[in-house]
Structures are given as C-alpha cells and as structure tokens.
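Working notes, beginning with the structure itself.
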Amino acid sequence: MSAPSGQDLAKYERIVVDMDICIGCGACVSVCPYNALELDENGKARLIWEACPDSFECIKVCPVNCIWKASEAPEESKSKQWYRFNRQLTPEEQQIFEQWRAKYGIKSDPIKA
C-alpha cells in the first residue's frame, strides 16, 4: 500500500506515541499495514508522519497503552518527540502538517532522522 501524499495528507488524524511508556515490543510495527511505524535506535515505536492513513490497528495491540489517536492523546505526550518524516514534504504538505499540529495541539517537532 502506498503512503498518502499531497492534499491527501490532510484527511488523516494519525496517532501519538509516548516513547517513554513504550516497551519496544514491536506489536504496533507488525500490525501497521502502511509501515507507518518503526522501532527507533532505542527500540521504541516511532511514527512516520506522512505514511499514517489512520489504520489505528496499532492502538488495539499496544500492551502498555502508549498509543492514542491524536485527538485523544494526553497533552504531556503531545509535547514529546515521537514522529519523523520519511521524506522532504512539499510546501503544500508542510502547510498541511502545520495545520495538523495546530488542530491536534501537537507541541513537539519531528525527530530529525
């Protein structure tokens, strides 16, 4: 399945991952049909922002409940770094990203990979 791009990125809510709670089991990574999650260098789940088209399967399988829909995530978790971009966003996509951050109260910047 291909990742959304351009204006399609505006359609999705996405998830928030609290990497401080994550135990690195990889369950979320294994169920995501879009490869929108990965384990980082510390073995913690990290979102690839532009690859996430709201499957939310990851939320259901997390044994420690460290993944939420962006609209339901605790404010503290929205302030931590937990996502990155897989590619350079176009100017239109960057605008969509900034609108997403504002809409869901995301305080953190993406991790530089």
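The values are calculated or read from the model by the stated rules, or taken from the named source; none is laboratory data. In this text the structure is predicted, and so the values were computed from the model without any measurement. Cβ placement follows ideal geometry from the backbone for every residue including glycine, while neighbour counts extend to all protein chains displayed. Areas reflect the complete protein model, heavy atoms only, side chains present, ligands, DNA and RNA absent. Shrake-Rupley method; radii C 1.70, N 1.55, O 1.52, S 1.80 Å.
Here is how the numbers come out for the structure above:
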item	result
Selection status of Asn65, in contact (Cβ under 8 Å) with a residue 40 or more places away in the chain, on the phi > 0 side of the Ramachandran plot and either touching a strand residue (DSSP E or B) at 6+ places or on another chain (Cβ under 6 Å) or assigned to a loop (DSSP other than H, G, I, E, B) (or both)	yes
Given (1) open to solvent by 10 Å² or more (accessible area, probe 1.4 Å); (2) over 13 Å from Ile111 (Cα atoms), index of the condition Asp18 fails	(1)
Every pair of residues 6+ apart whose Cβ atoms lie under 9 Å, when the first sits in the stretch 6-22 and is among the hydroxyl-bearing types (Ser, Thr, Tyr) while the second is in a loop (DSSP other than H, G, I, E, B)	Tyr12/Pro4; Tyr12/Cys52; Tyr12/Pro53; Tyr12/Asp54
The stretch 68-95, subset free of Cβ contacts under 8 Å to residues at least 60 places away in the same chain and either of a type in the set (Val, Ile, Thr) or in a strand (DSSP E or B) (or both), residue least open to solvent (accessible area, probe 1.4 Å)	Arg84
